[in-house]
1. Hey, what's the Cα Rg ratio for region 202-279 versus the globular rule of thumb, 2.2 N^0.38 Å?
2. Please give the FRET efficiency for Arg210 paired with Val82, using the beta carbon to beta carbon distance and R0 = 35 Å, rounded to the nearest 0.05.
3. If you add up the charges near Ile198, with Lys and Arg at +1 and Asp and Glu at -1, over every other residue whose beta carbon is less than 11 angstrom from its beta carbon, what do you get?
4. Scattering from the C-alpha atoms of region 241-287 alone, worked out with Debye: what is log10 I(q)/I(0) at q = 0.18, 0.22, 0.30 1/Å?
5. Sort 259-271, 236-248 for me by packing, meaning the mean count of neighbouring Cβ atoms within 10 Å per residue, highest on top.
6. On a full-extension model of 0.36 nm per residue, what is the gain between Lys218 and Asp281, subtracting their alpha-carbon distance, rounded to one decimal in nm?
Amino acid sequence: MNSYVSKIRLPPLPSIRDLVKLYKLRAIKQLSQNFLMDERLTDKIVKAAGTLTDHYVCEVGPGPGGISRSIIKKAPKKLILVEKDPRFLPSLMLLKESCLNYTKGAPKMDWTHAPPPIHLIGNLPFSVSTILIIKWLEAISEKKAAWAYGRTSMTLTFQKEVAERMVAQPYDKVRSFVPKPDVDVGVVTLIPLKKALIDMPFSQVEKVVRTIFNTRQKYCMKGAQKLFPAEQTEYLTTRLFVLANVNPTTRSYQLTNEDFVRLCYAYKIICDEYPAVQSFDYRASKGIDIEPGCN
């Protein structure tokens, strides 16, 4: 493979820092925006995504185009930028005019095969990163959007504490951004599994995990109680942990993936026995009839 294919040298362009000054751009803190200026760091983020040469890349929230430049240097077949802030259009158009445009469609891959040559990359605003990842995880479970093509990988920036929690094991308890963020940053690459750990609708799995983690430092049964209405909380919570064979006095952050697998399947059994439980939401419920077999 020649050097041109493995790496593209962009023609002379103003630096990202100069573009920010030229177009009088400023990061809006209310939108949790931060501009990544240091090319060494943008190169590291892109490197974490793996091979991009001749692949399809979608970058979410490129801002003035710092990470975009590092992506282009890897010679992707096509780069799609998704940016809702129109202030960045001039700097991104300048970058576009310096590149070749490829328009071939991305191939679809069997889910059990290697990931397709498609990558989702983004320096996400911290205020929306968690919301987006939940939506994307749901899309993965349904094999929709970018995951209709196969096990598309994601390389995303998160608030450091969020990134650490995403990769944490059970029991784990001067900058280049403008403006300087109040938190540190972590880069996480996610590749969908060939087979989901839990063969259940994403909404049910997310509900169980979210509810139990609402009381992260307390016994996991405290959070699990909120899965059930007050009239049967004690009985159904006890039944949940008996069915799952999980110690109810384990703290939420100590639970393993296997524990959550069993808890989710136990919750499904209870929902099958008491159909009204599935729609119960402790934040809005005014009481429901949970007799066995009642809707």
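1. Relative to the rule-of-thumb radius for its length, region 202-279 sits at 0.96.
2. Computed FRET efficiency for Arg210 and Val82 comes out at 0.85.
3. Values: positive: Lys195, Arg262, Lys268; negative: Asp199, Glu206, Glu258.
Residues close to Ile198 contribute a combined charge of 0.
4. -0.65, -0.85, -1.02
5. Going by the mean number of other Cβ atoms within 10 Å, highest first, we get 259-271, 236-248.
6. 20.6 nm
The numbers here are math on the coordinates, done by the rules we state, and not lab data. Quick caveat, the model's predicted, so the values are computed rather than measured. Positions of Cβ are generated from backbone atoms using ideal geometry, with glycine treated the same way; all protein chains shown enter the neighbour counts.
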